[in-house]
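Visitor: Have a look at the structure that comes next, please.
Here, each number is a calculation from the coordinates, and none is a lab measurement. Computed from a predicted model, the values in this text were never measured in an experiment. Backbone-built Cβ (ideal geometry, glycine too); neighbour counts: all protein chains shown.
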Amino acid sequence: MRLIACLLMVLLLGACGNEQKAKVVDLGSVAGCDVARQSCSATRDGMIVDLTLGPEVKPLEPFTVQLQLEGEPITPDESVTVDFQMEGMDMGLNRYRMRHEGPRWLATATLPVCTASRMDWYAEVEFAARGERYTLRFPFVVEAN
């Protein structure tokens with residue numbers, strides 16, 4: 001009986017080790033638009049991705065994140081996330097799962113504080129469309145309070 005249990009354990013561990021991580025298609029970065037100041041859109045592979053932050057983005061103050069995707073619907077059962085990263089500095093995990101409301105996806109986010117007077121950030125959205133996962137980065141600048 002122990003032999004059978006050990007064999008089952010080895011088979012299960014082997015199967016877990018062979019799982020492949022789902023491929024994520026990187027759509028790059030949106031240039032020439034500061035998403036903390038205005039809504040920014042990008043057209044990639046026939047999809048229009050529009051991201052809006054705020055109305056105002058300041059460290060330690062909650063703000064709204066809105067995502068709209070045209071050309072390819074995101075189904076409500078798919079997960080949509082936004083991850084905030086600071087250029088050149090590890091600010092920890094700042095990932096938010098967005099909720100589906102009508103034609104948009106929404107989240108409330110809060111950026112951590114940094115001692116630098118100018119903070120260069122990017123919001124990386126990840127979503128599913130056409131049976132694949134995609135990421136797209138939106139840069140923005142936040143001035144210290």
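Visitor: Suppose R0 equals 35 Å; then what is the FRET efficiency for residue 26 and residue 63 from their Cβ-Cβ distance, rounded to the nearest 0.05?
Guide: 0.85
Visitor: Using only alpha carbons, build the gyration tensor for region 22-69 and give me the equivalent ellipsoid semi-axes, biggest first, whole Å.
Guide: Values for region 22-69, descending: 23, 13, 10 Å.
Visitor: I need the phi-derived Karplus couplings for region 33-42: 6.51 cos²θ - 1.76 cosθ + 1.60, θ = phi - 60°, integer Hz, Gly and Pro marked x.
Guide: Values per residue, Gly and Pro as x: 9, 9, 5, 7, 9, 7, 5, 10, 10, 9 Hz.
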